[in-house]
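The values are calculated or read from the model by the stated rules, or taken from the named source; none is laboratory data. Only a predicted model underlies this, so the values are computations on that prediction, with no experimental measurement involved. When we count neighbours, we look across all protein chains shown, and the Cβ atoms used for this are built from the backbone with ideal geometry, even at glycine. These accessible areas exclude ligands, DNA and RNA; they are computed on the full protein's heavy atoms, side chains included. Shrake-Rupley method; radii C 1.70, N 1.55, O 1.52, S 1.80 Å.
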Amino acid sequence: MNKLQFNLGLIALILFVLPQPAFAQQKIEREYAIKPAQVAEDALKFVNQAFEGQRIRWYAEESQKGKSIEAKVKQDGTIYSIEFDEQGNLQDIETLIKFRSLPEKLQQAIMNTLEADFSRIKIYKMQRQWTGPDATLQQLLAKKKPVEKYTTRYELVIRGNKDRSTSDYEVLVDDEGTLISTSKIIQKDTRHLLF
């Protein structure tokens, strides 16, 4: 065995023996209020039709994925967040919900998913997320039965204990409670995040 092979073997052994940090996706975002004049016309039209006469708050959100525009509005006791890209194309609609409002089977599936990654869990916020064709999402907002297919997912903001460290995470699961993604939240402005 020559010296190079020995050194490479030693490096490999050291890397294998040293504790490895958990590599999780990180979520870094900044959210700030904007005026309706800064919003694309298509986004304004969609939201104004769906929430006629309601007070609408507009925000820009910057993250590692890019920039998006969000409308936040409360109607009939439900808080909605409608996200668009900068050109005004609808990305998704989220509604703030309570975990206990979900069917018991889905609650258990989500808890099983969370408990597989975290030793302690506190759910701070949960949202139902709809994606699909604009017309279908407009029907959902109007509480009508949509004709076309759409996707329902659930986004949770939790404080979780993982690898002896407690942090805040954003967890996305499908409509059966199966994990889609977990992102460690690096910074957040809770004044808007928890709206």
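Couple of notes before you dig in:
- Residue check, R153 farther than 22 Å from V73 by Cβ, charged (D, E, K, R) and in a strand (DSSP E or B): no
- Among the residues of region 61-85, those identified as more than 19 Å from A142 (Cα to Cα), out of contact with any Asp or Glu (no Cβ under 6 Å at 6 or more places or on another chain) and modelled with pLDDT under 95 are E62, Q64, K65, G66.
- Filter pass, Q87 being open to solvent by 80 Å² or more (accessible area, probe 1.4 Å) and either touching a residue at least 40 places away in the same chain (Cβ under 8 Å) or not in a strand (DSSP E or B) (or both): yes
- Region 90-140 - residue that is of a type in the set (A, V, I, L, M, F, W, C) and part of a loop (DSSP other than H, G, I, E, B) and, of those, surrounded by the most Cβ atoms within 10 Å (Cβ to Cβ): F118
- Cross-chain or 6+ apart pairs with Cβ under 7 Å, region 33-53 first and part of a loop (DSSP other than H, G, I, E, B), then open to solvent by less than 90 Å² (accessible area, probe 1.4 Å) and modelled with pLDDT under 95: F51/Q75
- Hits in region 107-147 - residues which are touching a residue at least 12 places away in the same chain (Cβ under 8 Å) and charged (D, E, K, R): D117, R120, K122, K125, R128, D134
- Test set (1) farther than 21 Å from K125 by Cβ; (2) in a strand (DSSP E or B) - S68 fails condition number: (1)
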